[in-house]
Amino acid sequence: MKQLIILLFALFSLSAGAQDLPKYRHQIFIGIGTGAYRPWFGHEEPGMYDLSKNIYEENSHDSPVLNLGYLYQPTSHWAFGGNLGLVGWHQKMKYIDSGATYDKKGETVLSAMFSTRYYWRTKDVVRTYSGAGLGLSYIWEEKYEPWADTQKVMVAGQLTFLGIEVGKGHLVGFAELGWGIKGWLHGGIGYRF
């Protein structure tokens, strides 16, 4: 009798757990986002005056953030994975007296992060989620004055406040609102299998 109870409990546990499994457990995705990554790194704000050099630093120009990632979804609510990101920016300086402009510096950032998602709505066509990621960024900084390049490694992170994933079959589209290395707005396509 004891063995029968254990067997029934095990079968019930397996069937209850099977209902929590998603239809597709793996996803690869590619995305593009805004280039607002600098708040994580504490860079100086563009648009600053340096009166000792008689120059004005103009606003920087960011390239879009490109991301490639993978997610594994062991339950219908949780997904874990990682992503690689690439972004760059450059800044110009202008002499106050003459008005001449020259490139000051630029950065290229390659980041790798572990990430997690929690799906709030897990319906088949439209799913909503929040997430977080933490990893490292390799930063190559090119300086035009004093003509010295530097490399450094810093912490990279991303908080996704709201994400929406739409798709019924293998192909899905997504859009995210967040803060960090992926930028404020991030979107793309994914393939689930």
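Side notes on the structure shown:
- Subset of segment 54-78 [modelled with pLDDT of 75 or more and of a type in the set (Gly, Ala, Ser)]: 63, 69, 76
- Residue 178 meets all of the listed conditions (1) surrounded by 14 or more Cβ atoms within 10 Å (Cβ to Cβ); (2) out of contact with any His (no Cβ under 8 Å at 6 or more places or on another chain) but one, namely (2).
- Among the residues of segment 79-132, the one identified as closer than 16 Å to residue 190 by Cβ and at pLDDT below 85 is 124.
- Exclusive hit being over 14 Å from the mean Cα position of the chain (by Cα) and closer than 18 Å to residue 30 by Cα, set 139, 164: 164
- Options 167, 190: the member that is in contact (Cβ under 8 Å) with a residue 12 or more places away in the chain and over 17 Å from residue 65 (Cα atoms): 167
The values are calculated or read from the model by the stated rules, or taken from the named source; none is laboratory data. It should be emphasised that the depicted structure is a prediction, and the values quoted were computed from it without experimental measurement. Every residue, glycine as well, gets a Cβ built from its backbone with ideal geometry; the counts of neighbours run over all protein chains shown.
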